[in-house]
Amino acid sequence: MVQWLLSSLGISLGLTLVLEEGFALLCGIRHRKDLLLVCLVNIVTNPVVVLCYHVTGIYTSWSPLLVTAILEVSAFIVEGLHYKAYAVSIGHPFRFSAFANAFSFGIGLMINRLL
């Protein structure tokens, strides 16, 4: 089980980093500090979200949809706060956070459906 969880955490983080960095580039973000910031905030939030999702699924009977919504909104807020505080060229930090998270979450859902 530990091996499966670590694999899940690694795959999720790697995919999120690629997708959200790609999204940032698509949005015209080129400042190196901001691209690093996108990477760092996802390194902080993604493993926590994925771990909390799996632990909640194992130890509670809560709705996976509700858990996902709570965790994703929490990640969006934390990331938005960091973008607002530290970004150089991200003009609308909470909007960027919302769309970046929606983009990576949506692509992740599509990948899971295909596999």
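The values are calculated or read from the model by the stated rules, or taken from the named source; none is laboratory data. Just so it is clear, the structure is predicted and the values come from calculations on it, not from any experiment. Cβ: placed from backbone, ideal geometry, glycine included. Neighbour counts: every protein chain shown.
Testing I58 on (1) at pLDDT below 95; (2) within 29 Å of V88 (Cα to Cα), one condition comes back false. Which one is that?
(2)
With respect to L40, is the statement that it is within 13 Å of the chain's Cα centre (by Cα) and not in a loop (DSSP other than H, G, I, E, B) true?
yes
So the check is Cβ under 8 Å with 6+ separation or different chains; which pairs have a first residue in segment 15-30 that's farther than 18 Å from T45 by Cα and a second one that's of a type in the set (S, T, N, Q) and not in a helix (DSSP H, G or I)?
As it stands, the answer is I29/S89; R30/S89, since those pairs meet every condition given.
What about V38, is it more than 25 Å from S89 (Cβ to Cβ) and either out of contact with any strand residue (DSSP E or B) (no Cβ under 7 Å at 6 or more places or on another chain) or of a type in the set (D, E) (or both)? If you could, list the steps in order and put the result at the bottom.
Values: more than 25 Å from S89 (Cβ to Cβ): no; either out of contact with any strand residue (DSSP E or B) (no Cβ under 7 Å at 6 or more places or on another chain) or of a type in the set (D, E) (or both): yes.
In short, no.
Y53 - would you say it is over 26 Å from W4 (Cα atoms), of a type outside the set (S, T, N, Q) and assigned to a helix (DSSP H, G or I)?
no
Could you please give the count of residues in segment 56-69 that are part of a helix (DSSP H, G or I) and touching a helix residue (DSSP H, G or I) at 6+ places or on another chain (Cβ under 9 Å)?
Residues meeting the conditions: 5.
Which of the following residues is modelled with pLDDT under 95 and at negative phi: L5, L25?
L5
Do the conditions hold for S74, that is, is it hydroxyl-bearing (S, T, Y), farther than 24 Å from V2 by Cα and in contact with a Gly (Cβ under 6 Å, 6 or more places away or on another chain)?
Against the criterion (hydroxyl-bearing (S, T, Y), farther than 24 Å from V2 by Cα and in contact with a Gly (Cβ under 6 Å, 6 or more places away or on another chain)), S74 does not qualify.
Restricting attention to segment 43-89, which residues are in contact (Cβ under 8 Å) with a residue 12 or more places away in the chain and hydroxyl-bearing (S, T, Y)?
Result: T45, Y53, T68, S74, Y83, Y86, S89.
Only residues that are buried (at least 16 other Cβ atoms within 10 Å of the Cβ), touching a Phe, Trp or Tyr at 6+ places or on another chain (Cβ under 9 Å), part of a helix (DSSP H, G or I) and of a type in the set (G, A, S): list them for segment 72-115, please.
G80, S97, A98, A100, S104
Hey, among the residues in segment 1-43 that are touching a Ser or Thr at 6+ places or on another chain (Cβ under 8 Å) and β-branched (V, I, T), which one's surrounded by the fewest Cβ atoms within 10 Å (Cβ to Cβ)?
Taking the candidates together, the pick is I29.
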